[in-house]
1. Inside segment 403-457, can you point out the residues that are surrounded by fewer than 16 Cβ atoms within 10 Å (Cβ to Cβ), of a type in the set (V, I, T) and outside any helix (DSSP H, G or I)?
2. Pick from R206, R237, R228: which is surrounded by fewer than 19 Cβ atoms within 10 Å (Cβ to Cβ), farther than 30 Å from T329 by Cα, near ligand 2 (Cβ under 10 Å from one of its atoms) and not small (G, A, S)?
3. So which residues in segment 301-325 are within 12 Å of ligand 2 (Cβ to nearest atom) and among the polar types (S, T, N, Q), if there are any at all?
4. I need the full set of residues from segment 125-149 which are over 30 Å from I175 (Cα atoms), in contact (Cβ under 8 Å) with a residue 24 or more places away in the chain and not basic (K, R), in order please.
5. Going through segment 240-270 one residue at a time, which ones are within 13 Å of ligand 1 (Cβ to nearest atom) and either surrounded by 13 or more Cβ atoms within 10 Å (Cβ to Cβ) or among the β-branched types (V, I, T) (or both)?
6. For S50, only one of the following conditions fails: (1) over 19 Å from V320 (Cα atoms); (2) among the hydroxyl-bearing types (S, T, Y); (3) in the same structural domain as R288 (by TED's automatic domain parsing). What is its number?
7. Within segment 171-222, which residues are closer than 18 Å to G385 by Cβ and of a type in the set (S, T, Y)?
Amino acid sequence: MKYTHDVIVIGGGAAGLTAAGGCALFGLKTALIEGHKMGGECLNNGCVPSKALIASAKRAAEAREEMRAGVQLAAPRVEWSGVHRHVHDAIAHIAPHDSVERFEEMGCEVIADWARLTGPNEVEVGGRKLTAPRIVIATGSGPAVPPIEGLDGVPYLTNENLFDLAEQPEHLVIIGGGVIGMEMAQSFCRLGSTVTVIEPGELMGRDDRDSVAVVKQVMEAEGVRFIRGKAAKVSGRPGAITVSTDGGEDVTGSHLLVATGRKARTAGYGLEEQGVALGSNGIKVDARRRTSLKHIYAIGDCREGPRLTHVSGYEGSNVVLEIALGLPTKVDWRALPWCTYTEPEVAQVGLTESEARAKYGDKLRVVTEHFDHNERAVAEGLDKGHLKMMLKGKKVVGASICGVNAGELLLPITQMITGKASTFDVGGAVISYPTRAEIVKAAAFAAWEPTLFGKWPKRWVAFLAKIRRAF
Ligand SMILES: Cc1cc2nc3c(=O)[nH]c(=O)nc-3n(C[C@H](O)[C@H](O)[C@H](O)COP(=O)(O)OP(=O)(O)OC[C@H]3O[C@@H](n4cnc5c(N)ncnc54)[C@H](O)[C@@H]3O)c2cc1C
Ligand SMILES: NC(=O)c1ccc[n+]([C@@H]2O[C@H](COP(=O)([O-])OP(=O)(O)OC[C@H]3O[C@@H](n4cnc5c(N)ncnc54)[C@H](O)[C@@H]3O)[C@@H](O)[C@H]2O)c1
């Protein structure tokens, strides 16, 4: 069969851009199809605007802090139009990196339209039929909005319109205390909105409980109100929206944000018709990200599995190895990192303590180091939080960190989990003093303390000392 392309990539978010760019750079004839905005969720409605908003909020929070380190800042003045501009400037600054022009320069044929799978090797787009021996689906996810009674009758926000708000909410009610709910709750509160979070289960359910407890305490002290319960009914009108929980509590706010999880984009573009198997929330894939039709790959948020930008990029790179170089490449989640950018941040890599306990039982050793023993943190007066390192013998199987810039501390731990560095290497490394990174070195060294100061080294030391005394 004569194909129009070597590979067709559907979706121009983090996953699709990585896959298409990589294939084109290797010289494959690559079609990259994006129906909406290049850069997808991360650039336009996700990571970039949310982290920019968090940055504005952090400035306001610092000014609101009581005197620290002998300095009292003046009360903050928040201009919503300025916050809005900062958020959109950040998007505009990064947009060229994900642009049509950049991907065309790499060698992709970029098509700005909606694609539809019309045959096992055929995609229809903009009235054209493209064919290729390999197809990559990277269509992402959107907000999963639960069927709450009355929700359709009021205006509500999701991550798709939150960053376009023209005015600052007076009282933002957030349904969902997951990652989006927590990052946005703290930010809007710090910018001066009243914020209420409704969550029936654990806040930030995937994360280490001790870390989340620290964040919750900080957010409550800053003024965020948490209601334990499930949003069961919504009523009201624009500007006065009431959410009633299954526990009988009512809260009325000026704005409502629904942050109740993600739904993979799998409908309406031919997957089922072509026999691509779907799971409960995403395309079914194997470890090599192949769908039930082995020449069709699914990567990033659209398939079942973790939904994070770096995961999309990682899977995009993997399929480039498969498609361009013919190297079967399985995903490896042993050292999967993630970070929630609350303050303090909550960062995780590998297993949490509870996962590690379930897997290793008594063989697990948890080393905990606190930032109030880290001299940089103490000097800065920002010493809340801790690092927990999960060890099986001298091998790291996971770590949870809660603290200022916790996400920046994950890299050496990733290397220890994958075996590219040992606890001995990191525990014995010379690193700058005083840095927060010393907490990682201290925990890695702790893996060796029982051995280093154990029976045999002590015997050797005693022997040497005895000889020295004798001569
Ligand atoms: C508020 C928020 C904050 C976040 N913060 C972080 C963070 O700090 N760190 C982190 O790692 N992750 C974060 N995420 C998650 C991250 O944004 C996603 O995991 C990531 O963007 C997924 O990339 P993707 O390429 O798989 O999908 P997407 O970015 O959703 O891209 C899919 C693209 O496919 C296009 N498309 C869909 N169907 C078709 C079709 N039929 N034809 C043509 N085009 C199509 C869509 O228009 C879209 O542009 C955040 C998410 C949200 C919502
Ligand atoms: N820093 C980051 O890496 C980052 C930041 C933001 C988003 N993300 C990504 O975005 C997604 C998280 O999105 P999210 O926060 O919407 O989902 P989530 O799954 O983290 O949290 C959703 C929460 O909504 C709650 N919920 C569901 N129905 C409810 C109801 N009726 N009433 C009250 N609460 C209800 C759930 O119990 C859950 O805790 C993930 O894919 C995540 O990886 C990542």
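The values are calculated or read from the model by the stated rules, or taken from the named source; none is laboratory data. Keep in mind that this is a model prediction, so the values were computed, not measured. Ideal geometry is used to build each Cβ from the backbone, glycine not excepted, and the neighbour counts take in all protein chains shown.
1. We begin by selecting, within segment 403-457, every residue surrounded by fewer than 16 Cβ atoms within 10 Å (Cβ to Cβ); these are 408, 411, 418-420, 425, 428-435, 449-457.
Now restrict to residues that are of a type in the set (V, I, T): 418, 430-431, 435, 451.
Residues satisfying the conditions are V430, I431, T435.
2. On the way: R206 fails: farther than 30 Å from T329 by Cα; R237 fails: near ligand 2 (Cβ under 10 Å from one of its atoms).
Testing whether each residue is surrounded by fewer than 19 Cβ atoms within 10 Å (Cβ to Cβ), farther than 30 Å from T329 by Cα, near ligand 2 (Cβ under 10 Å from one of its atoms) and not small (G, A, S) leaves just R228.
3. T309, S312
4. Across segment 125-149, the qualifying residues are V125, L130, T131, A132, P133, I135, V136, I137.
5. Just the residues of segment 240-270 that are within 13 Å of ligand 1 (Cβ to nearest atom), to begin with: 257-270.
Answer for segment 240-270, where residues must be within 13 Å of ligand 1 (Cβ to nearest atom) and either surrounded by 13 or more Cβ atoms within 10 Å (Cβ to Cβ) or among the β-branched types (V, I, T) (or both): L257, V258, A259, T260, G261, R262, K263, A264, R265, T266, Y269, G270.
6. Just one mismatch for S50, condition (3).
7. S211
For every residue, the table says whether it meets (1) within 18 Å of N318 (Cβ to Cβ); (2) within 11 Å of ligand 1 (Cβ to nearest atom); (3) aliphatic (A, V, I, L, M); (4) part of a strand (DSSP E or B).
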| position | (1), (2), (3), (4) |
| --- | --- |
| T4 | no, no, no, no |
| V9 | yes, yes, yes, yes |
| L17 | yes, yes, yes, no |
| G21 | yes, no, no, no |
| A24 | yes, no, yes, no |
| G27 | no, no, no, no |
| L32 | yes, yes, yes, yes |
| G35 | no, yes, no, no |
